[in-house]
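Data first, discussion second: the structure below is written as structure tokens.
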Amino acid sequence: RRWGWRSRKEVGSWNSFCLLGALLAPIRVLLAFIVLFLLWPFAWLQVAGLTEEQLQEPITGWRKTVCHHGVLGLSRLLFFLLGFLRIRVRGQRASRLQAPVLVAAPHSTFFDPIVLLPCDLPKVVSRAENLSVPVIGALLRFNQAILVSRHDPASRRRVVEEVRRRATSGGKWPQVLFFPEGTCSNKKALLKFKPGAFIAGVPVQPVLIRYPNSLDTTSWAWRGPGVLKVLWLTASQPCSIVDVEFLPVYRPSPEESRDPTLYANNVQRVMAQALGIPATECEFVESLPVIVVGRLKVALEPQLWELGRVLRKAGLSPGCVDAGTEPGQSRRISQEEFAKQLQLSDSQTVAGAFSYFQQDADGLVDFRDVALALAALSGGRSLEELTRLAFELFAEEPEEQAEEQAKGPGRLLYKDGFSTILHLLLGSPRPAARTLHAELCQAGARQGLSLCEFQDFSLHHPLHGKLFSTYLRPSQTPPASSPGSTTTLANGTVQAPKQKGD
């Protein structure tokens, strides 16, 4: 087993699983899709003929009775056909008056909506884009779901107001169910809870979801198997079990009612303790996991590292490339020019490497981003040299100095350049980096940072300085210089690496 060999028993079990999957999975998936489409008439009937004003209030009467029970029964049949033969419920679900909001975790798979069944189909929060998905959109309208657009800040404000309105309706509305992690994880720890479920400041009931099966086929997380594979493997299991546990209602203190983040963190710790797993500060931003360090969010694994692996795997040819940009001035390049200047010939590698940089509406990238990324990956610079290069590439001349160059603080690093540097080097989300830049500038009257202030932040700050050294120190940055890697100079040129004996 140490060398990768399986025993005869293990091989026989694997073969049996594959054979059983080949028989069970196609039948189960086909029948499940048939039931899914049978749900549509019930979902449509509940909202048919109702105006938008009428849908702002909970549906009652025969529509509620017939359609609710129809969708509930067919939903249970759907999960039964996919192999979830047993749903074991522990604890007691609170009434809508006792806990207007339910929070479920860990969120690990697209099968987690199964928790809606023992909760009697509470209202949910979903992306507005899902309304256009066949059947799913009809089910969301049936559910009178609270819809949020991730691209519209005004939409988020409306969602907050709607959640507060329903949660404080005195039992008029059914309970609202949240997955406060906001995305799927691998169940090994709880991601940081988002405050949306806790903004109303009302009592919530934590709901734990477990899949106590001998083989984990349900997890659908970052860098894990895709939708079809998870669906196929789960449908191949003879029997899948899910445990749903209702914890006691959590009633917020006056401090928690005023501070949704504090409220969310405390509920997260309670649920993590009940699950026996850690409660982390890790969250997902733009589909990447990030953690909070001081006042800054940084990626657990910056895309810079992945870019380095891609370029090394391609054996980036040494060459000399003139960036052709003045300090503080961008030069936009296309994918073809990117490939030519970096001497990359494989189209797949070029597309993969090019995608790591932010593109404008015309599909062009700023070559300063490329120059800084390659400089960081080369490992041939000290942190002081690297931060100076970053400043030289992205700092700009203050507008008030356009006429008198002799006066004033010199070139400054504004929020866009600052956020670009932190995004490239640390994987920090740009909005979070801009917020931090504004806080750093509050101490002075200027809207930008000088070289001294930027290096004081990146090199000497007790928290952020260690962060930069951990991510970018040549001896620790994965992959330092290697044969075929490159070194980028301050003028934006790419040179051949030094030999080991140099």
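If we scan segment 178-186, do we find a residue that is of a type in the set (S, T, N, Q), in contact with a Phe, Trp or Tyr (Cβ under 9 Å, 6 or more places away or on another chain) and open to solvent by 20 Å² or more (accessible area, probe 1.4 Å)? Taking every residue of segment 178-186 in turn, at least one turns out to be of a type in the set (S, T, N, Q), in contact with a Phe, Trp or Tyr (Cβ under 9 Å, 6 or more places away or on another chain) and open to solvent by 20 Å² or more (accessible area, probe 1.4 Å).
Within this structure, residue 183 fails the test of being more than 20 Å from residue 63 (Cβ to Cβ) and over 22 Å from the mean Cα position of the chain (by Cα). When segment 119-169 is limited to residues that are closer than 14 Å to residue 197 by Cα and acidic (Asp, Glu), the one that is most open to solvent (accessible area, probe 1.4 Å) turns out to be 161.
Selection over segment 77-98 of residues that are assigned to a loop (DSSP other than H, G, I, E, B) and more than 28 Å from the chain's Cα centre (by Cα) gives a count of 9. Against the numbered list (1) in contact with a helix residue (DSSP H, G or I) (Cβ under 6 Å, 6 or more places away or on another chain); (2) open to solvent by less than 80 Å² (accessible area, probe 1.4 Å); (3) not β-branched (Val, Ile, Thr), residue 432 comes up short only at (1). Could you list, in sequence order, the residues of segment 324-333 that are β-branched (Val, Ile, Thr) and either open to solvent by 30 Å² or more (accessible area, probe 1.4 Å) or at pLDDT below 80 (or both)? Selection gives 325 alone. For residue 277, the requirement of being in contact with a strand residue (DSSP E or B) (Cβ under 8 Å, 6 or more places away or on another chain), modelled with pLDDT of 80 or more and surrounded by fewer than 18 Cβ atoms within 10 Å (Cβ to Cβ) is met.
Of everything in segment 36-56 that is closer than 18 Å to residue 146 by Cβ and without any contact (Cβ under 8 Å) to a residue 40 or more places away in the chain, the residue that is most open to solvent (accessible area, probe 1.4 Å) is 53.
Considering only helices (runs of 4 or more DSSP H) fully contained in segment 334-405, which possess at least 1 residues that are surrounded by 14 or more Cβ atoms within 10 Å (Cβ to Cβ) and modelled with pLDDT under 80? Ranges flagged: 335-342, 367-378.
The values are calculated or read from the model by the stated rules, or taken from the named source; none is laboratory data. Note that the structure is a prediction, hence the values are computed from the model and not measured. We place every Cβ from the backbone using ideal geometry, glycine too, and count neighbours over all the protein chains shown. Quick note on the areas: whole protein, heavy atoms, side chains included, nothing else; ligands and nucleic acids left out. Shrake-Rupley method; radii C 1.70, N 1.55, O 1.52, S 1.80 Å.
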